[in-house]
Amino acid sequence: MEDEALNWVIRLRDPGFEDWEAFGEWMAGDPARAEAYHALAVAEEDLGEMLPAEAAPTLAPSVIVPSIGEAARLRHGRRTTRRLWLGGALAASIAALVGTNMLDHKGGDISVATAPGERKTVPLADGSRMILNGDTVVRLDSGDPRMATLDRGEVLFEIKHDEKNPFRVSVGGDELLDVGTAFNVVRGHGVTQVQVSEGAVMYNPDSDAVRLDAGKSIRIEGDRATVGSVVPGDVAAWRDGRLISDGQTMAEVAAQLSRFTGERVSAAPDVAGRPFRGVLSLGASEDIAALGPILGVAVHRTPKGWELAAR
């Protein structure tokens, strides 16, 4: 069992790891497996002792998870104490299992993050999952498996409904309560946007109590919340390379492009507040400059990336 657990720890350090279903089945097969696994995945400080110095930089993570204690492992036929770096993929695996009470985690939330241009699917222990767009940070409450906080970026939540214990998302000081739901949440530039594709979401259930059924959206900017409509099939269209804007500002469009492409895109002050309605169909190697005519702006290459500016 310890050898199997060590094998999973090694595999999950691979940024390209995708075999979440097999990993979940292995963990669910015996509670002792979770203990063995988490005993081997315990922080980052002694990475240099385990790997050659030249190999360490390749494991630079997108997210650092706080230490969860010391543990022993077998190495070269003898037992030694080591710590492991918890990179993005491993953090996702821990987030996926936080609801099973298998994780003895102290010292705060567990963060899952993506770099610009990266997308990641994070299964949760109850059968729900989160699909993160690029440049996104989500925190999971280690004491409450049905609670998540979106600090920035974009996430599609596909939630397994539990009427007695609904899933909650905190974003920008507001709360979203799942009512059997698939919904997309964006946070950036002081604006929160929510679009519901299935079921329903309650916005601030203890105060505003606004119900958003499938096909509804809400935009929260400061103290103003505006309810609108959306085609359910267009929710989280970014997964298919379609960035749909229904009046979002050029600054928000630039942020969308940055998240999806991994290129740094900004909007100059003279166009930042300009609304845009349309669809940008992006490929894996989209030329940002080619989007200028569609957006109705000039696109300039700068030392820091791309800038959308007035023609």
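The values are calculated or read from the model by the stated rules, or taken from the named source; none is laboratory data. All values reported here derive from a predicted model rather than from experimental measurement. Neighbour counts are summed over all protein chains in view; Cβ atoms, including those assigned to glycine, are modelled from backbone coordinates with ideal geometry.
Remarks
- Lone qualifier among ALA272, ALA254 - being part of a helix (DSSP H, G or I), without any contact (Cβ under 8 Å) to a residue 60 or more places away in the chain, surrounded by 15 or more Cβ atoms within 10 Å (Cβ to Cβ) and of a type in the set (Gly, Ala, Ser): ALA254
- VAL201 being in contact with a Phe, Trp or Tyr (Cβ under 9 Å, 6 or more places away or on another chain), crowded, with 17+ Cβ neighbours inside 10 Å and more than 19 Å from GLY172 (Cβ to Cβ): no
- Restricting the search to helices (runs of 4 or more DSSP H) fully inside the stretch 1-52 and requiring at least 3 residues that are at pLDDT 65 or above, surrounded by 16 or more Cβ atoms within 10 Å (Cβ to Cβ) and out of contact with any strand residue (DSSP E or B) (no Cβ under 8 Å at 6 or more places or on another chain) gives 2-12, 20-28, 31-40.
- Lone qualifier among ARG187, ARG219 - being modelled with pLDDT of 95 or more, surrounded by fewer than 20 Cβ atoms within 10 Å (Cβ to Cβ), at negative phi and out of contact with any Pro (no Cβ under 6 Å at 6 or more places or on another chain): ARG219
- Those residues of the stretch 139-188 which are in a strand (DSSP E or B), farther than 25 Å from ALA267 by Cβ and under 16 Å from the mean Cα position of the chain (by Cα), in sequence order: ARG139, LEU140, MET147, ALA148, THR149, PHE157, GLU158, ARG168, VAL169, SER170, ALA182, PHE183
- Filtered residue count, the stretch 275-311, keeping only those that are part of a strand (DSSP E or B) and within 29 Å of LEU156 (Cα to Cα): 11
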